[in-house]
Every structure is written in C-alpha cells, then in structure tokens.
Amino acid sequence: MEKIKGAILSPLAGYTDVAFREICSKLNAYMTVTEMVSSKAMYYGDKKTSSLLELSPYEKNAAVQIFGDEPDIMAEVVKRDLNNSDFKYIDINMGCPAPKIVKNNCGSALLDQPNLAYEIMRSVVKASTKPVSVKIRKGIRGSCSMDVAKLARKAGVSFITVHGRMREQYYNDKSDWDYIREVVENVNIPVIGNGDIKSYEDYAEKMEYSGVAGVSIGRGAIGNPFIFDEIYKKSMGMNYHPPRDIDRVRMSIAQLELSCSYKGQRLAILEMRKQFVGYFKGMKGSKELRNAINEKKDLKEIIDLIESFAHNLS
C-alpha cells in the first residue's frame, strides 16, 4: 500500500451509516467502513443487522467491519455472505471499548488474548476472497497490543489500523502517536493511524511523524465530513475552500433527506438528532434549534426550522 492521499472514514457505531458514508464518499474519503457488524447476528440471519450492510452506489472503496470471538462463525459469514458482496475489504474489530462488547469477549477484549486473536485473523483470511484488515487499540488491562499487531502479518492480514488509546481510556486523553509509530517500526505490513485528526495540518503532521501509510478519521468527521475533501485536496496541491456555517447547516439537511431515503422518516429523524450536535456546534442559537427539532416528527417541519436558522446565518 502506497501512502494514501486522503483519509479513511473510521467505523463509528450509530454514526457511520450508509447516508453518512455516501456524503463522505462524495467528499473524497479514500475509503469508508461500515458500523461494526456482529458476525454471530449475521450467522443467524438477524434482519436488523442486514441493514448495516447496505452500500451506497457512491461507495467505490468500502469495507465491512465484523466483530466476534468465534473463528469458525466469523469464517462462515465471510464465505456465505461477504465474499460475494460489493465490499472491497473485510475489517475485523479488535478495538471497540464499549462495555457490552468487551463483556462478550469481543472488540478490544481480544488484545490480551493473542492466540485467540490470531485464530480469528487467520480463519477470516483463509475464508476471504478479499483483503482483510484489523482494527486494534493500544491495549487493554495494562497489556499492550504489540503481540497482536505482529501476529497480523503472520495471519495474512493486509493492513492494520491502530487507535492510540488504551481500552480504559475510551476517547479521553490524547491518542498516543508514539505507540502508533512503534507499531509501524515493528510490523512489515501497512499501518493506518487513528485518533485526534481534526484538520489537514493534523494529518500531515501525524503522517510525517509516525510513518503510517494513511490515517482514518471517526469522531473528527462527525458534523464535519468536509475534512475528507480538505485532506484530499490539500494533499494533492488543489485549492480548498473551508465550509462556512451555512454550508454545514445545508449539509445537515442533505444528510437528513438522504437518511430518510434509506431508512424512512421516523428512524432517520431520531438518529439524526445526535448528528445535528456536530453540524451545529459553536453556532449561536444551536441549542435552541436542536431542542425545537427534538419536538418535531415531521420532515418538512424540521427542514423549515433548519432553513429558518440558516437564513439568519447568511
């Protein structure tokens, strides 16, 4: 993998649905990754899980992220469901810090179980006709993830993404790019760095310092999908015009309408409430706007509220 000109959209449960991924794709995200999908739920044909696998026609370089702790089941869903899909990559989640995931021995719980982590990676690689990647954190329970990172290459993994925080830190404190750099120096496969990328300047600094092949962005893109366009255009030497507040507000409407087209008004309106927090952040009157939106269930009424707010910005 050559150095990536652009950035990858990280998976973020409850945020990186198909509508948001489509917007990021249109704004030059190098790759998009689904919200994490339970391999066990896929194995047993859970209908709610299948909606997480929906792809936008604009996603030309997308990965599906799966999680679990049973190598055989994970391999089976890859063979049965994912090999014939339009996803370009299969990503294994070994980084999620959420208590309900860790309690079930999935996500970052695997980071101090290198033997099981290896069996999962090896089983998925053997079953897959597509490149396989793995997402890890710095570590868990005081144990660092370097053993798992080194085993990734042995298992046949194509690249790894490293988030520079321990499981117990969740998203607090700073991402440890010294550790990410250490992983780059100790494994012979491409490494993607993750954590605290909020601008092109962050991207350029972290790329140079750590030697990673690329970066992925999760929380830094919420309310600011424009960051992918910024990083791509500036890294290519192209002109870039930063979004104004009114551009962010208009993009929130675009995402709301797009989300409605994919999942229906009721669910889209409910799920967009947390997205509006990011889009309207720092704008005068945004709290009152969000409170008013939360009282509405009709799409047109919500759009009218947002457009009235936008009119006062211009």
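The values are calculated or read from the model by the stated rules, or taken from the named source; none is laboratory data. From a predicted model like this one, the values you see are computed outputs, not experimental measurements. Heads up, the Cβs are rebuilt from the backbone with ideal geometry, glycines too, and the neighbour counts pull from every protein chain shown.
Comparison of Ser39, Ser56, Ser25 shows that the only residue that is among the small types (Gly, Ala, Ser), within 17 Å of Ser133 (Cα to Cα) and buried (at least 16 other Cβ atoms within 10 Å of the Cβ) is Ser39. Would you confirm, using the coordinates I've provided, whether Ser145 is buried (at least 23 other Cβ atoms within 10 Å of the Cβ), under 21 Å from the mean Cα position of the chain (by Cα) and not hydrophobic (A, V, I, L, M, F, W, C)? Answer is yes for this residue. Taking the stretch 162-179 as the range and being farther than 23 Å from Lys103 by Cβ and surrounded by 17 or more Cβ atoms within 10 Å (Cβ to Cβ) as the test, the residues that pass are Val162, Gly164, Ser175, Asp176, Trp177, Tyr179.
For Gly220, the conditions (1) buried (at least 20 other Cβ atoms within 10 Å of the Cβ); (2) of a type outside the set (Val, Ile, Thr); (3) outside any helix (DSSP H, G or I); (4) touching a Lys or Arg at 6+ places or on another chain (Cβ under 8 Å) are fulfilled apart from (3). Residues that are hydroxyl-bearing (Ser, Thr, Tyr) and in a strand (DSSP E or B) within the stretch 158-177 comprise just one, Thr161.
Of Gly95, Gly107, Gly45, all but one fail to be assigned by TED's automatic domain parsing to the domain that holds Leu151, at pLDDT 95 or above and out of contact with any His (no Cβ under 7 Å at 6 or more places or on another chain); the exception is Gly107. Candidates in the stretch 90-123 are the residues that are β-branched (Val, Ile, Thr) and within 13 Å of Ile66 (Cβ to Cβ); of these, the one that is surrounded by the fewest Cβ atoms within 10 Å (Cβ to Cβ) is Ile101.
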